[in-house]
1. Hey, among the residues in region 134-162 that are at pLDDT below 95 and open to solvent by 60 Å² or more (accessible area, probe 1.4 Å), which one's farthest from residue 84 (Cα to Cα)?
2. Return the residues of region 52-78 that are open to solvent by less than 60 Å² (accessible area, probe 1.4 Å) and closer than 25 Å to residue 198 by Cβ; say none if nothing qualifies.
3. For region 317-346, which positions are part of a helix (DSSP H, G or I), in contact with an Asp or Glu (Cβ under 9 Å, 6 or more places away or on another chain) and in contact (Cβ under 8 Å) with a residue 40 or more places away in the chain?
4. Go through the residues of region 217-232 one by one and say whether even a single one is of a type in the set (Phe, Trp, Tyr) and buried (at least 22 other Cβ atoms within 10 Å of the Cβ).
5. Please enumerate the residues belonging to region 134-157 that are within 27 Å of residue 78 (Cα to Cα), not in a helix (DSSP H, G or I) and not hydroxyl-bearing (Ser, Thr, Tyr).
6. Scanning region 79-103 for residues that are among the charged types (D, E, K, R), in contact (Cβ under 8 Å) with a residue 12 or more places away in the chain and assigned to a helix (DSSP H, G or I), which turns out surrounded by the most Cβ atoms within 10 Å (Cβ to Cβ)?
7. Taking residue 278 and the conditions (1) touching a residue at least 40 places away in the same chain (Cβ under 8 Å); (2) surrounded by 18 or more Cβ atoms within 10 Å (Cβ to Cβ), which numbered condition does it fall short on, given that it satisfies the others?
8. Give the residues of region 8-56 that are out of contact with any helix residue (DSSP H, G or I) (no Cβ under 8 Å at 6 or more places or on another chain), closer than 27 Å to residue 141 by Cβ and among the charged types (D, E, K, R), sorted by residue number.
Amino acid sequence: MRDAILFYCQHVLGMGHLVRSMALARALADRFRVVFLNGGRVPRGLPRPAGVEFVDLPPLGFDAMEQLVSHDSRRPLEHAQRERRETILRTFHRVQPRAVVVELFPFGRRQFAEELLPLFDEARAAGAHRPLLVSSLRDILTTGHRDQVGHDERACTLANRYLDAILVHADPHFARLEDSFRPEQDLRVPVFYTGFVVPGTARPVGPRRTRRLIVSAGGGLAGGPLFRAAVEAHAILWRRERLRTTVVAGPFLPEADWRPLRRAAREVAGLELRRSVPNLGERLLDAAASVSQCGYNTALDIVCARVPALVMPCSELGRDEQWVRARRLERLGAVRVLEPERLDGPTLAAEVRELLGFRPSPVALDLGGAPRTVALLDEMLGGTRLGAAADEQRVGGGLGP
């Protein structure tokens with residue numbers, strides 16, 4: 001019997017957390033039995049990795065005001081929360097995992113503490129045979145909380161109380177945990193940088209690019225303004241450049257935004273509208289240019305494809321990590337950045353025309369996050385002492401012991 005890993009993922013607005021977590025689960029399944037606790041909606045058509053057992057919790061997410069809501073009309077929020085807590089603990093006892101990997105918590109997802117802290121307490125109660133508790137983090141945390149100092153202090157307290165390790169899925173030369181996490185107390189948990197997590201293996205960049213612009217916004221929940229401007233810009237670009245445009249709207253784009261886009265796509269030559277594509281990164285390999293937000297997965301697709309890219313980072317609900325990522329990539333010469341207040345059709349068309357002459361600089365990032373995560377967990381569960389490795393990669397600046 002292979003060692004079991006219980007992997008918890010809760011996505012609330014987009015689907016970047018889900019895509020990254022699924023990529024990790026796919027890699028882990030080659031070595032471990034992986035049981036995946038999925039807490040959000042799974043877009044239709046998104047493939048689930050083979051060899052991974054999925055336990056779908058009653059789906060929760062955020063509304064436009066960042067209030068927690070149930071996405072199952074048959075289950076009011078309180079009923080869904082109670083069922084989720086029971087399912088999580090029941091699954092934990094059934095699986096008896098050697099490790100529990102929780103995406104983002106306690107550094108985010110505080111609204112889900114009522115179902116995660118009972119899981120952590122149950123794991124700790126197992127005594128000498130307890131599983132490892134590991135937090136899985138993206139490159140940059142959100143720092144736009146109303147009480148950021150208090151948020152970081154609470155997260156650090158919980159991390160020190162429960163966690164055995166923190167895995168940061170980033171290249172430490174690009175982003176380090178202390179850049180976006182600054183508690184006043186010391187973080188006493190070993191921190192490991194795995195490298196960025198890239199789903200699959202992309203084919204090489206082709207020698208020729210087609211005359212096509214790809215416009216995307218991750219899951220699409222906040223993509224309406226960008227897509228409306230892109231449709232207006234397309235008319236100018238088609239007339240002057242004969243540049244075709246594909247808008248990948250995303251599965252979570254509200255119907256109120258989707259319907260007028262569909263009407264526009266029927267009436268305008270050279271404009272293609274898609275709800276989703278199997279692999280955006282593959283599309284970017286052949287595209288002349290990309291216009292998008294700057295989430296974790298999209299940014300990596302841009303870097304891997306070396307496509308001329310204009311990014312307009314999402315800052316909905318005070319979230320700022322996309323801006324930090326975008327400005328760092330801009331300084332490396334990998335992308336151009338457009339501020340949201342400048343967004344309209346003519347401005348976007350002018351920016352894209354300049355983008356067609358832009359040659360992005362190659363960016364050398366560690367993209368081995370998935371296999372490195374497998375290796376780290378394998379070492380931890382094998383009882384290998386990780387102190388030296390942790391010391392080499394541990395965050396500094398007052399966060400270490």
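The values are calculated or read from the model by the stated rules, or taken from the named source; none is laboratory data. Everything numeric in this text was worked out from a predicted model, so none of it was measured. Because the Cβ atoms are built from the backbone with ideal geometry, glycine has one as well, and the counts that use them run over all protein chains shown. Heavy atoms of the whole protein, side chains included, go into the accessibility calculation; ligands, DNA and RNA do not. Shrake-Rupley method; radii C 1.70, N 1.55, O 1.52, S 1.80 Å.
1. Taking the candidates together, the pick is 149.
2. Residues satisfying the conditions are 52, 54.
3. 317, 318, 321, 324, 325, 345, 346, listed by residue number.
4. yes
5. Answer for region 134-157, where residues must be within 27 Å of residue 78 (Cα to Cα), not in a helix (DSSP H, G or I) and not hydroxyl-bearing (Ser, Thr, Tyr): 145, 146, 147.
6. Keep residues of region 79-103 that are among the charged types (D, E, K, R), which gives 82-86, 90, 94, 98, 103.
From what is left, the residues that are in contact (Cβ under 8 Å) with a residue 12 or more places away in the chain are 83-85, 98, 103.
From the residues that got through so far, the ones that are assigned to a helix (DSSP H, G or I) too are 83-85.
Details: 83: 15, 84: 21, 85: 17.
Among those residues, the one meeting the criterion is 84.
7. Failing condition for residue 278: (2).
8. Scanning region 8-56 gives 41, 56.
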